[in-house]
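First comes the structure, then the notes that go with it.
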Amino acid sequence: MIKIIKKMLLEPLFHFLLVGFALYLFYESVSAKEVRSANVIEISQEELGEIEAQHKKEFQTDISQREREALVQKKYYEKILLNEAYSLGLERQDKEIAKRLLSQMQHILRGVAVAEPSEELLKNYFKKHKNDYSVVNTLSFSHIYFSNSQGVGDTLKTLQIADVKPHDAAFFGEQTTANHIKNITFDDAKEVFGSYFTLKLFNLKQGKWHKPIQSKDGVHLVYITDKNVSEAYVFDEIQERVYDDYMQEARETKESEAYKKISSQYLLEVK
């Protein structure tokens, strides 16, 4: 046995295989490190400072810990999509181009095709969300107030990406004395916020942040937390609204799934 081993050690072919295996291990190790390095998303202290300065400039308030975490998630989201844009060979290094590329990547995420639903699928969706298609006696909601529409769209995207819940959201806009409204009637809401806002408010779906709504005082991002309802509407009378809601939710789900698939290839580091 020892003679066989000695003979193998003296064989040139054995040396060649040994060197080859060592090189294989080396390149595998280097390759793994490069992949891990390439997929790390770094957010520097300088970038964090810019985020906080921009927030203070817009809202004249210091940033809260929850806001900082949410804005970091938004920055992370933007960097991932830009990275994907760059991997497609699009232009780099220019802030205006970066904004356009980010917009293009968001458009790509939103552009994932959604199949047309059958009537049976819409009826099942209607039954599952019957509270949203019933006569609303009172409702409870949280809202973020802005005196004008500047920056509202970006704030909405931040809330959605970071999945900010209503109880953490008060300081994302301009402060008001009542960010959480409980069990308000249609008439009372109309008196406080105006007719247009109230008409929109009482048709919103529960459990998500909605696009900006104009009131008589400014602009609001709204999250319905609870509804006190009576009888449901007849499906045939509101099937167009059910269809629109279903398609919107399906698109948002597809966009979220597409982003999660991409972001699973990255790691966030705040330095």
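Quick note: the coordinates plus some simple rules give every number you see, no bench work behind them. Here the structure is a predicted model, which is why all the values come from computation and not from measurement. For neighbour counting, all protein chains shown are included, and Cβ atoms are generated from backbone atoms with ideal geometry for every residue, glycine included.
Classify the stretch 43-113 as rounded, prolate or oblate, taking a ≥ b ≥ c as the square roots of the eigenvalues of its Cα gyration tensor: rounded when a/c is under 1.5, otherwise prolate if a/b is larger than b/c and oblate if not. Note, shape of the stretch 43-113 comes out prolate. Full extension of the segment from N124 to V234, taken as 0.36 nm per residue of separation minus the current Cα-Cα distance, would add 38.3 nm. Each of R241 and N148 was given a label point 7 Å from its Cα along the Cα-to-Cβ line. The distance between the two points is 3.4 nm. For the stretch 119-258, the relative contact order works out to 38 percent when only alpha carbon pairs closer than 8 Å and six or more residues apart are counted. Restricting the stretch 101-207 to chymotrypsin sites (Phe, Trp or Tyr not before Pro) that sit in a DSSP loop and have at most 11 other Cβ atoms within 10 Å of their own Cβ leaves nothing. In terms of its C-alpha gyration tensor, the stretch 119-258 comes out oblate, because a/c is 1.5 or above while a/b does not outweigh b/c. The stretch between Q248 and D187 holds 19.1 nm of extra length on full extension. This uses 0.36 nm per residue minus the Cα-Cα distance.
Computed from the C-beta positions of N203 and K260, the FRET efficiency with R₀ = 51 Å rounds to 0.95.
Treating r as the C-beta distance of E50 and D217 and R0 as 30 Å, the FRET efficiency rounds to 0.45. Here the 3J(HN,Hα) profile of the stretch 42-47, calculated from phi with Karplus coefficients 6.51, -1.76 and 1.60 at θ = phi - 60°, is 9, 10, 7, 4, 4, 5 Hz, Gly and Pro shown as x. Taking θ as phi - 60° and the Karplus parameters 6.51, -1.76 and 1.60, the scalar couplings of the stretch 250-260 work out to 5, 5, 4, 5, 4, 4, 5, 5, 5, 5, 4 Hz in sequence order, x denoting glycine and proline.
Amide H contacts under 5 Å for L268: I41, restricted to partners 5 or more places along the chain or on a different chain, H placed in the peptide plane at 1.01 Å from N.
Rounded, prolate or oblate, given the Cα gyration tensor of the stretch 79-180, with a/c below 1.5 counting as rounded? Oblate.
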